[in-house]
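The values are calculated or read from the model by the stated rules, or taken from the named source; none is laboratory data. Just so you know, these numbers come straight off a predicted model, no measurement behind them. Ideal geometry is used to build each Cβ from the backbone, glycine not excepted, and the neighbour counts take in all protein chains shown. Quick note on the areas: whole protein, heavy atoms, side chains included, nothing else; ligands and nucleic acids left out. Shrake-Rupley method; radii C 1.70, N 1.55, O 1.52, S 1.80 Å.
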Amino acid sequence: MYTNNKLQLYPLLRLSIALCIGIVAENLLYEHITMGIWLASGIIFIVLALLIKREYIQSILIAATTLALGGTLMSRQLKATDIQLPKETSQYEALITSTPIVHGKVLKCDIEIMSLNGKSIGSPINAKATILRDTTTEMKLNTGDGICAESVLEKPQNISGNSNFDYAQWMKIHGYTAQTFIPYWNIHPARVSLGKNAYDRLCMKARIFRDNLSKKLFANNGKDKEAYSVISAMTLGDKSALDKDTKNAFSISGGSHVLALSGLHLGIIFSVFLLLFGHSAIAMTLSIIGIWAFAFLVGMPPSVVRSAVMLSIYALVSIINRRSISFNTLAFAAIVILVINPLSLWDIGFQMSFMAVAGIFTLYKPMYMLLHPYNKLLSWIWGSICVSLSAQIFTFPIVLHCFGRFSCYFILTNFVVVPCATLIIYMAVALIITIPLTALNNIVCYIIVQTAGLMNRSIFFIAGLPGSSIENFYISTLQTWLLYIFILSNIAMLRILKVKN
């Protein structure tokens, strides 16, 4: 099939770009363009696309329709999050939606407010709560517990500092409308429904199940608490037990990506399903169900949803024996996430996840072919280096912009964390399977804890090496865009030179 433009090979990529433009446009013009205008524009564009038979005009009108869809979805999302909070002290009933974590004299957790000042709320208000502890009579709070409280609900505010990280925007993206401080004398246990509909109740039960599973994991952690906290983060997406030093060491060394559930983790889980069930159509179907059940259990973060969509497409095309174009698959995953929540476009996790995969799709193969070693060990080593470099080249501008840090030994770190992460996830599955066999279960538990401990010690060693990271090197939004233009221009130039030669 002849194509007059390489971009035509990726129709979903073009649509995803149009969708993003519409989302950004509505974010900038929210006060001036209503959802009705976007919706009417979209209907007009699609009608014109059906009436006009010229192919290139139809392509433009379909892109315009997608752009209008982005504006419509964004307008709806902004309207839903634009909630006016009472300025005075409010009384409310709420559910605890995350494990309360002790920070000195306070507990920190997420709450979902179900009724406010004696009135039921149509859509629950999600808030970050800081609760002053009563150290004499400690209140035991768990995920799913109901509370009756009295405090001032405030709009999220940015944390002062040099970072470009927009905390208020992050809160908005993740559905948090308020933050509040609750003295212990203003909070009491209460009987509150787990949700207003079946889906909300199912989500809450999934959170409770995950937290209970995590607590069982920590029940006998003893001196291995650090290892257990890393295991819990990597397998259940629960970072609540990670201490500041561990998070900082992973960040400095360039290994933070193994603590955030992503394509690496879901890919390993998917391979476990294939190993257990084979590659038949039934096995692929079970694998799809399994990875989406896991994604739901860990809260559907964008990186996991992206990976789940891509693996699902891979499984489906494998069943029908067709090839899937990588960028189309990636673009489809982006469309799915942005249709569900357009604000995800500003989520750092979303940006990092998609840029890392885009980097691998773009650079891995040409980079690997520079050497293409035939020895299996050398091939694995070079392939691992190429994957790390490809992802890093496409993500480091975002890291510099948001965190002002560049990890200098990220390749060395990946040689440690990727094999360890693979073994930990495999052992975590084995841990569940061997629950009825106590002796074997204890052996598996020992292996997984020792592996996590080895990974932690290695990470702290790498983070402590001289020049392990460049700190406080923040770049502006304009500089970030210019850096990406520079990277893409160089890639394009190298490909043109390769074609000419």
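Quick notes
- When I44 is tested against (1) open to solvent by 80 Å² or more (accessible area, probe 1.4 Å); (2) modelled with pLDDT of 90 or more; (3) within 30 Å of T180 (Cβ to Cβ); (4) not polar (S, T, N, Q), exactly one condition is not met: (3).
- Criterion violated by K105 - all others in (1) within 19 Å of A178 (Cβ to Cβ); (2) surrounded by fewer than 19 Cβ atoms within 10 Å (Cβ to Cβ); (3) out of contact with any Gly (no Cβ under 9 Å at 6 or more places or on another chain); (4) not hydroxyl-bearing (S, T, Y) satisfied: (1)
- In region 236-248 there is at least one residue matching the filter, namely being over 27 Å from G404 (Cβ atoms) and touching a residue at least 40 places away in the same chain (Cβ under 8 Å).
- In region 65-101, the residues that are β-branched (V, I, T) and in contact with a strand residue (DSSP E or B) (Cβ under 8 Å, 6 or more places away or on another chain): T81, I83, T89, I96, T97, T99, I101
- Residues in region 165-201 that are open to solvent by 50 Å² or more (accessible area, probe 1.4 Å) and among the small types (G, A, S): S193, A198.
- From the options L69, L50, L12, residue that is touching a Gly at 6+ places or on another chain (Cβ under 8 Å), open to solvent by 50 Å² or more (accessible area, probe 1.4 Å) and farther than 30 Å from T130 by Cα: L69
- Among the residues of region 43-70, those identified as assigned to a helix (DSSP H, G or I), among the aliphatic types (A, V, I, L, M) and over 14 Å from S16 (Cα atoms) are I43, I44, I46, V47, L48, A49, L50, L51, I57, L61.
- Single residue of region 251-290 satisfying the filter (in contact with a Phe, Trp or Tyr (Cβ under 6 Å, 6 or more places away or on another chain) and without any contact (Cβ under 8 Å) to a residue 24 or more places away in the chain) that is surrounded by the most Cβ atoms within 10 Å (Cβ to Cβ): S256
- Scanning region 118-164 for residues that are at pLDDT 75 or above, surrounded by 15 or more Cβ atoms within 10 Å (Cβ to Cβ), part of a loop (DSSP other than H, G, I, E, B) and in contact with a helix residue (DSSP H, G or I) (Cβ under 8 Å, 6 or more places away or on another chain) yields R133, T143, G144, P156.
- Within region 429-458, being of a type in the set (A, V, I, L, M, F, W, C) and within 12 Å of A227 (Cα to Cα) holds for C445, I447, I448, V449, A452, L454, M455.
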